[in-house]
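The values are calculated or read from the model by the stated rules, or taken from the named source; none is laboratory data. Just so it is clear, the structure is predicted and the values come from calculations on it, not from any experiment. We place every Cβ from the backbone using ideal geometry, glycine too, and count neighbours over all the protein chains shown. For accessibility, only protein heavy atoms count, side chains too; no ligands or nucleic acids. Shrake-Rupley method; radii C 1.70, N 1.55, O 1.52, S 1.80 Å.
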Amino acid sequence: MAINLEEQIKLLVEMQGMDTHIFKLEDDLESIPVRIKTSDEEYKNKMGNLKNLEEAYKALQVKKKQKDGDLEAKEGAIKKFQTQMYQVKTNKEYAAFQQEIARTKADISLIEEDIIRLLDEIEEENKNITREKEFLKQEDVKLIEEKKRLNEEAGRIKAELDSIKKQRSAMAEKADRAVLAKYDRIIQNKDGLAVVPVSNESCQGCFRVMPPQVINEIKMKDRLVFCENCARILYINE
Ligand SMILES: [Zn+2]
């Protein structure tokens, strides 16, 4: 049995409420994979910090290895000078070797200072890496929890959507076919808002002031009244 226009409008107002809720839930649901992706990317950036620290650590070790090599070469040179020194014939040559040895020893102490400094830096970098790894471990736990929470939220939203969509189709069964078709067309073209109240004499969809005869027509409830500006279906809250 067909229901009267007043009932039709009430139904449309209720459907509009449901549709608004459905759109909101659908937006929320769509945002979840985006939020998961953002969290993953943030975590990846943090992993990048660790990679940088590890590279700095490797570079320091390469430097230290070079210095070790330099040190070994200088120590070898001293041994060679000392052997050669016993074969010299003149004091002048002997003095020259002594000078060479003194110079090389000075070089060695500089290299040793460098090595000590590098060892300190390596130790510091190692601490940073340990700290960063610990931080990442905590971040990883947080990420897993965050994803779990978001997936649970998605599940809740889906369940709510299922239930509200069922209610909506039950309601759509009761609506007049032609009225429903109009409603659906407007909702698609007007950003999800097809039925709007008139309050303070203006359409709450586009805020245009409605002439008195339009307001009277809405009150008469014998046909659907559309906003002449935004084409939405109008009603008055009683
Ligand atoms: Zn309007």
Filter the stretch 199-217 for residues that are on the phi < 0 side of the Ramachandran plot, in contact with a helix residue (DSSP H, G or I) (Cβ under 9 Å, 6 or more places away or on another chain) and open to solvent by 90 Å² or more (accessible area, probe 1.4 Å) and give the result.
none
For the stretch 211-227, does any single residue satisfy the condition of being in contact (Cβ under 8 Å) with a residue 24 or more places away in the chain, closer than 22 Å to His21 by Cβ and not in a strand (DSSP E or B)?
no
Collect the residues in the stretch 184-208 that are near the ligand (Cβ under 10 Å from one of its atoms) and β-branched (Val, Ile, Thr), keeping them in residue-number order.
Val196, Val198
Screening Leu161, Leu193 for residues that are open to solvent by 40 Å² or more (accessible area, probe 1.4 Å), under 39 Å from the mean Cα position of the chain (by Cα) and under 16 Å from Gly17 (Cβ atoms) leaves only Leu193
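Residues being touching a residue at least 40 places away in the same chain (Cβ under 8 Å) and among the aliphatic types (A, V, I, L, M): count how many of those fall in the stretch 228-238.
Counting residues in the stretch 228-238 that are touching a residue at least 40 places away in the same chain (Cβ under 8 Å) and among the aliphatic types (A, V, I, L, M) gives 2.
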Unmet requirement for Lys89, which otherwise passes all of (1) modelled with pLDDT of 95 or more; (2) open to solvent by 70 Å² or more (accessible area, probe 1.4 Å); (3) basic (Lys, Arg)
(1)
